[in-house]
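Okay, structure first, notes after.
No lab work stands behind these numbers, since they all come straight from the coordinates. None of the values given here were measured: they were computed from a predicted structure. Methodologically, a virtual Cβ is constructed for each residue, glycine included, from the backbone with ideal geometry; neighbour enumeration extends over all protein chains shown.
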Amino acid sequence: MFKDLSIKRKLYLGFGAILAIILALLIIAYNRFNSLSEANQWDRHTMDVIQAIDGLRNDLLQVQVEARGYYLTGTAARLDRTRKEQRDIPESIQTLQKLTRDNPAQVARFSKLESMITVWSKEVIESQLVMREQLGNAPGAADAMGKTPQLASTANSAIGEIYKFMDDAAAEEHRLLLERSAASTSLQESMRLVITVGGMACVLLGALVAWLLVGSLTTPLTNLTAAVGRIARGDQGARAEVLANDELGKVTTEFNRMAQSIQDSQAKEKAVGDELRAKVDSLLGVVSKAASGDLTGNIEVTGSDAIGQLAQGLDRMFENLRSLLNNVQKAGIQVTTSATEIAASAKQQEATGIEQAQTSVEILSTTKEISANASQLLKTMEEATIVADYTTTATADAQGNLRRMDSTMQHMVSATDSINAKLAALSEKASNINSVLITITKVADQTNILSLNAAIEAEKAGEAGRGFSVVATEIRRLADQTSVSTWDIEQMLKEMQSAVSASVMGMDKFSEEIRRSVGEVRQVTDQLSGVMDQVQKLAPQFDAVLQGMQSQAVGAEQISATMMQLNDATQQTVESLKATSEAVHQLQYAAGDLQTSVANFAVAV
Amino acid sequence: MKLLVFHIGADRYGLRLRDVVRVVPLLDLKHLPLAPDPVVGLMDYHGASVPVVDLCLASGLPPGADHFDTRIIVVGYRAPEGTVHLLGLRAERVQGVQEIRDDQLTESGVKAAPFLGQVAGDARGMLQMVELEQLLTPALRIALFPNAGNAGSADDSGNLP
């Protein structure tokens with residue numbers, strides 16, 4: 001029954017049910033709230049009545065207090081205030097009667113109370129006030145007042161009755177308040193129960209409706225999605241189940257129909273495609289073989305459709321390609337052979353050119369060296385010429401010096417000879433001195449002995465010889481001195497003689513040396529003369545060599561320049577040969593590439 | 001008292017001047033073969049033959065060297081019998097005559113050669129007296145002067161010049 005409804009109705013139905021429940025709940029809650037507020041008003045009314053009773057009691061107490069104050073003091077102000085309080089009492093009773101109008105028992109009670117208060121006011125308060133007025137300000141008035149029966153008697157019947165009556169009224173009101181509070185509490189309890197149970201029922205019903213609605217909406221959609229997913233994955237036979245007769249059910253039915261038609265059309269297309277693929281495969285086989293180089297394949301597809309025409313065209317094209325490739329293969333082989341030959345000859349030429357360049361470089365360096373050497377030699381030769389000139393003059397000078405030296409030597413020889421002669425004479429004289437000295441020594445010795453003996457004789461002569469003894473001593477002293485001096489002279493003479501002998505020997509040696517030196521100097525002079533002659537002859541020869549060297553240097557420089565030019569030319573040749581070689585290489589590579597490319601094709605049918 | 005000062009070896013000795021006859025230069029001596037040890041030869045003194053004794057040998061030292069101041073001192077030797085004989089003494093470095101006072105002389109106190117007597121000190125060192133009488137041992141004296149009788153002439157000749 002639910003399944004046959006449309007989605008719109010399902011939604012209306014579900015939300016309507018939920019709204020109805022909430023509405024019922026709201027109505028119940030509203031009623032309950034009204035009752036509750038009414039009960040509360042009653043509570044407050046009772047409280048007001050109790051307060052009014054308390055106000056009346058307060059007024060009565062106030063009248064009593066002010067009256068007694070007057071009794072005690074007798075002041076007029078007190079009397080006035082008592083009168084004023086008395087006037088307030090009827091108003092309070094009226095208020096009470098107004099409040100308790102709904103309760104007849106209470107109304108009757110307050111009417112009675114009013115009459116009781118009126119009686120009390122007249123009989124007790126007024127009479128006593130009058131009495132106090134009469135007493136005036138007489139001393140002991142207060143005491144007199146205290147002794148009146150109304151005040152002195154403990155059982156004050158009139159006012160006691162009034163208070164008891166008022167207590168009854170208050171008790172009645174309190175009982176009413178208790179009743180009304182209990183009613184209010186029961187109302188609150190029922191209200192809470194209604195809200196809790198109704199709320200829960202409302203939530204449960206809402207959840208049920210939502211679950212039913214979601215189920216009826218999502219299940220067909222999930223089925224549809226799953227079916228679409230399966231079709232997308234390639235399961236052409238996938239269909240969605242029709243669950244209800246609503247809009248989604250219709251959609252599912254239509255979807256199923258669509259899927260069926262798609263499946264049918266695909267099957268038809270596949271049959272046509274298979275036929276076409278078979279033809280294309282056959283063509284593709286032939287073309288693939290041709291692409292890999294085998295042009296021997298035959299095309300077997302015929303027909304007047306597009307594929308058939310394509311097959312015929314391909315057949316004609318393969319025929320043409322076969323003849324073309326045959327020609328290209330032959331030409332390629334010829335080109336390769338020629339390029340190889342050209343490359344070989346170019347390489348040979350290049351090698352020759354490089355060799356030539358190297359040789360010319362070597363020649364150039366050698367020529368440069370020769371040129372440098374020639375320049376250096378030239379410089380050296382110039383220096384040598386200068387040295388030769390200098391040598392010539394120096395040799396001439398040396399010759400003159402040597403001649404002078406020779407004459408000096410001759411002078412020295414003659415001087416040495418004369419020194420020798422003089423030394424010999426000196427030696428002889430020394431010998432003479434020596435003989436004289438010997439004589440002197442002998443004389444001195446004799447004199448010594450003589451003086452000694454004289455002294456001895458003088459001593460023997462005693463006193464007479466005293467003077468002679470002194471003379472003898474003096475003589476002996478002189479003799480001693482003489483012999484000492486003589487000995488000194490002798491020593492000196494000996495030294496002199498030995499020195500002279502040494503001098504003579506040295507002079508002999510010296511003169512011998514000088515003689516030899518003279519001879520050597522003469523020899524050197526002769527040799528120097530010869531050297532000078534030779535050196536003088538050298539100068540013109542040096543000049544000749546110098547000129548030859550200069551011309552050689554110039555020639556070497558010319559050779560060097562020429563070789564430079566030759567070298568440049570050779571370099572250029574080598575460069576061009578290299579370029580040629582490179583080009584031929586490239587040609588060779590190209591030919592090789594062509595050949596290999598062509599060789600890939602098989603053309604024999 | 002005056003002394004003739006000379007050297008034996010390195011030391012100074014003195015001879016009383018009254019005993020000295022003459023100082024003569026070193027002469028060529030006539031050698032006496034097999035003569036007693038200190039006797040070095042005979043000298044000719046104005047025709048008389050006088051024996052010469054080397055003081056170095058007599059003192060037990062090696063024979064004295066021939067220096068220019070080596071002299072022969074001719075002395076009058078008084079024999080114990082009283083006769084006087086001429087005797088030559090070969091002495092080195094005969095320096096001259098020196099005055100010595102008697103109070104300068106003191107006994108040597110040491111028993112040495114018999115002919116050595118008192119000593120005296122001065123600025124140049126010690127000087128010892130030579131006692132001529134003790135110079136010749138009895139055997140030597142007999143060997144040199146066998147006939148003691150004719151000694152008087154020698155005394156005369158000592159006073160000659």
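Just a few scattered comments:
- Projecting the Cα atoms of A:430, A:444, A:72 onto the charge dipole of the protein assembly as shown (Cβ charges, centred on the Cα centre) puts A:72 farthest toward the positive pole.
- Lys, Arg +1 and Asp, Glu -1 on Cβ, resulting dipole of chain A about Cα centre, debye, nearest 20: 3460
- Paramagnetic label zone (point 7 Å from Cα along Cα-to-C-beta, residue B:106; backbone N under 15 Å) in the stretch B:114-148: B:118-123, B:125-129
- In sequence order, calculated HN-Hα J values of the stretch A:458-470 (Karplus, 6.51, -1.76, 1.60; Hz; x Gly/Pro): 4, 4, 5, 6, x, 5, 5, x, 4, x, 5, 4, 4
- For the segment A:450-463, counting C-beta atoms of other chains within 10 Å of every residue's C-beta and taking the mean gives 5.
- The Cα center of the stretch A:4-66 and the Cα center of the stretch A:170-248 differ in position by 29 Å.
- Charge dipole of the stretch A:102-201 (Cα centre as origin; +1 on each Lys and Arg Cβ, -1 on each Asp and Glu Cβ, all else neutral): 100 debye, rounded to the nearest 20.
- Note on chain B: helix-only mean residue ellipticity at 222 nm, from DSSP H runs of 4+ residues weighted -39500 (n - 2.57) and normalised by residue number, equals -2500 deg cm²/dmol.
- On the basis of the beta-carbon distance and an R0 of 45 Å, residue A:108 and residue A:27 show a calculated FRET efficiency of 0.60.
- Each residue of the stretch A:336-343 was assigned a 3J(HN,Hα) from its phi angle through the Karplus expression (A = 6.51, B = -1.76, C = 1.60, θ = phi - 60°), giving 4, 4, 4, 4, 4, 4, 4, 4 Hz with x at Gly and Pro.
- Number of partner chain Cβ atoms within 10 Å, mean per residue of A:114-126: 0
- Per-residue Cβ neighbour rank within 10 angstrom, fewest leading, A:597, A:92: A:597, A:92
- In a simple Cβ point-charge model (Lys, Arg +1; Asp, Glu -1; nothing else charged), the stretch A:7-226 has a dipole of about 980 debye relative to its Cα centre.
- Theoretical gain in end-to-end length, residue A:498 to residue A:330 [0.36 nm per residue, Cα-Cα removed]: 47.5 nm
- The label-point distance for residue A:491 and residue A:468, in a model that sets each label 7 Å from Cα toward Cβ, rounds to 3.7 nm.
- Long pairs among A:84/A:164; A:122/A:147; A:279/A:330; A:442/B:2; A:494/B:2, criterion Cα-Cα beyond 29 Å: A:279/A:330; A:494/B:2
- FRET efficiency for residue A:323 and residue A:351, using Cβ-Cβ distance with R0 set to 45 Å, rounded to 0.05: 0.55
- Here's the list of aspartates and glutamates a cross-link from residue A:289 could span, going by alpha-carbon distance under 20 Å and ignoring same-chain residues fewer than 8 apart: A:281, A:300, A:315, A:319.
- Positive-end extreme of charge dipole, the stretch A:7-226 - chosen from A:82, A:138, A:19 (charges on Cβ): A:19
- Karplus-derived 3J(HN,Hα) values for the stretch A:319-328, using 6.51 cos²θ - 1.76 cosθ + 1.60 with θ = phi - 60°, are 4, 4, 4, 4, 5, 4, 5, 4, 4, 4 Hz; glycine and proline are entered as x.
- The calculated 222 nm mean residue ellipticity attributable to helices in chain A amounts to -33500 deg cm²/dmol, summing -39500 (n - 2.57) over DSSP H runs of n ≥ 4 and dividing by all residues.
- Residues of type lysines that residue A:98 reaches as a straight line, Cα spacing below 16 Å, ignoring anything fewer than 8 places off in the same chain: A:112
- Cα-projected label distance for residue A:135 with residue A:397, points at 7 Å along beta-carbon direction, nm: 18.6
- Scanning residues 5 or more positions from residue B:74 or on other chains, those with amide H under 5 Å from its amide H are B:21, B:22, B:23, B:24, B:89, with H placed 1.01 Å from N in the peptide plane.
- Once C-alpha pairs closer than 8 Å and six or more residues apart are averaged by separation and normalised to the residue number of chain A, the relative contact order reads 19 percent.
- The label point for residue A:432 and the one for residue A:269, both projected 7 Å from the Cα toward the Cβ, are 17.4 nm apart.
- Here's the picture: charge each Lys and Arg Cβ at +1 and each Asp and Glu Cβ at -1 in the protein assembly as shown, and of A:265, A:209, A:177 the one pushed furthest to the positive end of that dipole is A:177.
- For the pair residue A:307 and residue A:243, the difference between a 0.36 nm per residue extended length and the Cα-Cα distance amounts to 17.9 nm.
- Extension gain, residue A:419 back to residue A:534 (0.36 nm per residue minus Cα-Cα distance, nm): 37.1 nm
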